[in-house]
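The values are calculated or read from the model by the stated rules, or taken from the named source; none is laboratory data. Computed from a predicted model, the values in this text were never measured in an experiment. Using ideal geometry, Cβ is built from the backbone for each residue, glycine included, and neighbour counts are taken over all protein chains shown. In case anyone asks, the SASA skips ligands and DNA or RNA and just uses the protein heavy atoms, side chains included. Shrake-Rupley method; radii C 1.70, N 1.55, O 1.52, S 1.80 Å.
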Amino acid sequence: MESPPPKRNFGDGGEDGISALPDHLLLDILERLDLREAVRAGALSTRWRHLPGHLSRVRLDVAHFRGATPLEVMDAFTGAARALLTRVPPAEGGPLKVLVLSFYTSSPHLSSIGRLIEDIVSLGHTQCLEFCISPPGTNPLGSNIEIGQEFMAFSRAYPVAFSWLTTLTLEYHAFGNSDITDLISACGRLRHLSLRFCRLLDLHSTLRIDVPCSELQELEFIGLLCTRIELVSVPKLRQVECKCWLFNNPPVRFGYVPELRGLVLASKAKAWQEPFALSECLSTSAGARNLSTLTLCFGYQMVNLINFCAPLKYKSSASSYHVFFSTSFSCACMFLLQIWIQPEPPKQRIAIFRNLTSVRLFGIFCECDLSWTLFILEAAPALHDLALSRHSCVKTPENSAEKTNVVWEPSKDLKHPNLKVLQIFGCGDEDKVTNYIRLVMERAVGLLIIRLYGENPCTYCDAGNLERSQAEKAGRRRIKEQLTHGSSSSVEIIIC
């Protein structure tokens, strides 16, 4: 019997099976590894040592490094970045086009990172530069004021690096009233900005963003602490997501945003928040008339409905901010109990909804009447698809507003020619759902498809239970039978 071939030792400086591959294949392998492993491979194999300088894409996350303290973690992070990104002279390496860095706001290391980035972007090859910046894991949340000041000093000290920035995510930072506008203005290539659990220094002030010359296309606000957000002028803005706000309604007002295409509003209603009309939020001027997709989450689930931020990483029992952040995060896992949108006459919405083609209404409590949702149908003649998500969880989050039904009577002469698809998630209370679907079928004369889904499970209920799931599916079949029995409608009803 032929003996098996001897095992090769990888990374021992010899010509192992991987090291013998052509350079272009080795580069592909390195770009698929996380950066820590790439640096390790380069250090161990002489055959690999010249390759990191040829990488076109690099992603480095501080969470991949270990240390007894955040300072030691950042030491490892900056050391790895320096070893990888300056291994060969720039003239001998290939262009680095994509650089994604996630790191802490750590004063001793920011200057090293800033210099390193400016050396790279000064070559002129960078197409995508992304930062995700958060406080060190041991810092109490109350220190976000100092963290915010350190970050702003960092951005001003390295203007060349920030002028090449395309995506920026900031977590648990505090800012002055004009800091965000100044930051966007300084980042001439910035297209995506996310503020997660940040705050203004003056909690009673409004965050105003007035950047008429910016390239900004996407804005995300999660748990932002301030009085309100006003987007005064952001001409190239296409997508806005505002989630889990604690201030009064409406959470955001739009000024000149002619390119706005998508809007997501997602939060549980607080007892002190009054429902608001969408016309209070969206400008009735020519500045916000190209909206095509609208998502309203009256209660939401982290995984199934919207992609929210990573789990809460920082806790401090010594700080009042711990209460806010933990409460804000927990509400992202719950379904809310009140509809915070106030229906209004269609004449007030015709201008802002004239190009609306897709609407998602998530987290509607099962006892709520559904006919109110047609207020959007009346004002959106181009609407193509409508999706509703209902939930029967009885868990009531602390400080949530009480369940209140929404009363709205659609116009008797409403006929909508363009709605093609209706989707309903959660079909409990079969009579209510059946009556609603009949109402839509009567008014949406061009309707083609109805899809019926089970409930999206949440942390506090058994919607994912197999027995309950089977019972719900049987209920959806009964709804279909009621709708199709004796009907000549050509609408296709699909049980999903």
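Remarks
- In this structure the stretch 119-253 gives 35 Å² per residue of accessible area when probed at 1.4 Å with all protein chains present.
- Shape of the stretch 84-238, Cα gyration tensor, a/c cut at 1.5: oblate
- For the stretch 204-215, putting each phi into the Karplus relation 6.51 cos²θ - 1.76 cosθ + 1.60 with θ = phi - 60° gives couplings of 9, 9, 9, 7, 10, 10, 10, 9, x, 9, 7, 9 Hz, in residue order, rounded to whole numbers and with x for Gly and Pro.
- Under 5 Å from the amide H of Phe362 lie the amide H atoms of Leu296, Cys297, Phe298, Ser389, each residue being 5 or more positions distant or on a separate chain, with H modelled from the backbone and absent for Pro and chain starts.
- Karplus-derived 3J(HN,Hα), 6.51/-1.76/1.60, for each residue of the stretch 184-201, Hz, glycine and proline x: 4, 5, 6, 9, x, 9, 5, 10, 10, 10, 10, 10, 10, 6, 9, 7, 8, 4
- J(HN,Hα) series, the stretch 64-74, from Karplus relation 6.51 cos²θ - 1.76 cosθ + 1.60, nearest Hz, glycine and proline x: 7, 10, 10, x, 5, 9, x, 5, 5, 4, 5
- Cross-link pairs exceeding 25 Å in C-alpha to C-alpha distance, out of Lys270/Lys432; Lys432/Lys473; Lys243/Lys415; Lys268/Lys432; Lys420/Lys473; Lys243/Lys432, comprise Lys270/Lys432; Lys243/Lys415; Lys243/Lys432.
- Less than 5 angstrom separates the built amide H of Leu237 from those of Glu259, all sequence-distant by 5 or more or on a different chain.
- Lys/Arg +1, Asp/Glu -1 at C-beta; the stretch 133-275 dipole; positive extreme among Cys244, Ile209, Trp164: Cys244
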